[in-house]
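Here the structure comes first, spelled out in structure tokens, and everything after it is commentary.
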Amino acid sequence: MRAGLDALYRLALGLAAACLVAIASLVVLQVFGRIIDGVRKILGFEILGLLVPSLAEICGFFLVSASFLALAGTLRRGDHIRVSLLLQHLPVRLARFFEIWCLGVALLLSGYFTWHSALQALDSYAYNEVSFGMIPIPLVIPQVVMTLGLAVFSIALLDDFIHALTGRDLSYDVANEGEAWEGGD
């Protein structure tokens, strides 16, 4: 089970990284297209109008996808902003209670957002909603990716919530062991 969950978190992070690579690639392609058109214009040739249609929208969808797909992995690596400064100064039992409470609230909120994101994607699919750009992109595509990212994040929160309830080490505490800003030496 542990290996499967860790593979899921790594897969989501890998897909998030692929989205960022896609953004960079599309922007570089657009820049080269403009350079080629600029050189052709200077040399007196007709410009070709090389561009990536709907670049801003496509990059926006990739950015949303990357952000949501990276949620679980960044939680597991301890890169989310947390209230650890407050928890470090509480007695151990009280800190544990608040850690469990925070994870429970985060899990409920994440589950709520996952559910409603899925409903939104279903609505977009049912009504064939598309983006407004030059290329009409079905909105269900980025919404499904957003929902998947939220679902993986909810699984990661549930994973740590169960660890907290059973007294085991939490993923983000293990990841941050020994780091000065997290109370390490």
Item to check | Of all residues making up segment 115-142, the number that are within 13 Å of residue 64 (Cβ to Cβ), free of Cβ contacts under 8 Å to residues at least 40 places away in the same chain and among the small types (Gly, Ala, Ser) | outcome: 2
Checklist outcome for this item: When segment 116-151 is checked residue by residue, the ones that are assigned to a loop (DSSP other than H, G, I, E, B) and among the polar types (S, T, N, Q) are 128, 131
Checklist entry - Taking the stated definitions as given, is residue 20 more than 30 Å from residue 99 (Cβ to Cβ), in contact (Cβ under 8 Å) with a residue 12 or more places away in the chain and in a loop (DSSP other than H, G, I, E, B)? => result no
Checklist entry - Which one is farthest from residue 154 (Cα to Cα) among residues in segment 112-140 that are among the polar types (S, T, N, Q) and within 22 Å of the chain's Cα centre (by Cα)? => result 131
Checklist entry - If only one of 173, 169 is assigned to a loop (DSSP other than H, G, I, E, B), over 16 Å from the mean Cα position of the chain (by Cα) and either at pLDDT below 95 or within 28 Å of residue 19 (Cβ to Cβ) (or both), which one is it? => result 169
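The values are calculated or read from the model by the stated rules, or taken from the named source; none is laboratory data. Because the structure is predicted, anything quoted here is derived from the model rather than measured. Positions of Cβ are backbone-derived with ideal geometry, glycine not excepted, and every protein chain shown enters the neighbour counts.
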